[in-house]
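Read the structure below first, then the notes.
The values are calculated or read from the model by the stated rules, or taken from the named source; none is laboratory data. In this text, all values refer to a predicted model and were calculated from it rather than measured experimentally. Because the Cβ atoms are built from the backbone with ideal geometry, glycine has one as well, and the counts that use them run over all protein chains shown.
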Amino acid sequence: MLVDIMRAESTPAPPVPSERAVPMKAQRQRAIVEVVEREAIWSQDLLGQRLRARGFDVTQATLSRDIKELGLVKRASDGAYQRPGQAVNGASPEAAVAALRRACRETLRSFEQVQHMLVLKTDTGMANSLAVVLDRAALPEVAGTIAGDDTILVIAREPRFASALVSQFEGWTGIKGR
């Protein structure tokens with residue numbers, strides 16, 4: 001019995017929940033989200049600087065993994081990181097179309113009309129980003145988009161709207177559609 005009492009007295013108390021009880025990864029990822037929501041962060045280097053200022057010692061590889069796990073994407077309007085679906089503050093319809101025009105020039109490589117749909121080909125890994133910009137532009141001709149790694153299916157409301165989109169893409173990119 002005396003042995004049991006001595007064991008009980010020497011057993012450390014369970015830790016009190018605190019910020020330290022939250023895994024470092026979760027703390028770091030929360031800080032990343034706070035940073036990109038508060039200011040425009042255009043590069044992993046700048047993000048790393050902001051995290052180091054908050055006391056996180058982070059490598060580029062870790063930042064890369066965190067960005068991927070958090071699903072951060074780059075805004076077409078200014079190239080800064082943001083969470084998916086996060087609206088660009090104060091973006092007018094004109095700014096959204098301008099961002100789409102720029103994104104098309106930078107990533108669109110070919111496109112083809114198939115009845116009331118368009119198949120867009122992008123650089124590898126850029127289809128989702130371009131589809132997001134296309135959706136945000138809220139073009140009245142577009143019913144929706146589906147994106148893969150380097151291909152986007154754009155569903156136009158009518159075949160004539162698909163033809164109008166082809167003309168727009170040709171004007172923006174200088175690429176002749178099929």
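A few notes on this one:
- When segment 41-55 is filtered for residues that are outside any helix (DSSP H, G or I) and in contact with a Leu (Cβ under 8 Å, 6 or more places away or on another chain), only ILE41 remains.
Residues are listed down the side, and each one gets a yes or a no for (1) in contact with a Phe, Trp or Tyr (Cβ under 9 Å, 6 or more places away or on another chain); (2) modelled with pLDDT under 90; (3) in the same structural domain as SER163 (by TED's automatic domain parsing); (4) of a type in the set (A, V, I, L, M, F, W, C):
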{"residue": "ALA61", "(1), (2), (3), (4)": "no, no, no, yes"}
{"residue": "ALA99", "(1), (2), (3), (4)": "no, yes, yes, yes"}
{"residue": "LEU108", "(1), (2), (3), (4)": "yes, no, yes, yes"}
{"residue": "MET126", "(1), (2), (3), (4)": "no, yes, yes, yes"}
{"residue": "LEU134", "(1), (2), (3), (4)": "no, no, yes, yes"}
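- Residue pairs whose Cβ atoms lie under 6 Å apart, separated by 6 or more positions or on different chains, with the first residue in segment 115-144 and within 15 Å of ILE155 (Cα to Cα) and the second hydroxyl-bearing (Ser, Thr, Tyr) and assigned to a helix (DSSP H, G or I), are LEU130/THR107.
- Residue that is at negative phi, among the basic types (Lys, Arg) and at pLDDT 90 or above, where the choices are ARG50, ARG7: ARG50
- Elements of type helices (runs of 4 or more DSSP H) in segment 79-178, at least 2 residues being buried (at least 19 other Cβ atoms within 10 Å of the Cβ), in contact with a helix residue (DSSP H, G or I) (Cβ under 8 Å, 6 or more places away or on another chain) and of a type in the set (A, V, I, L, M): 93-107, 127-137
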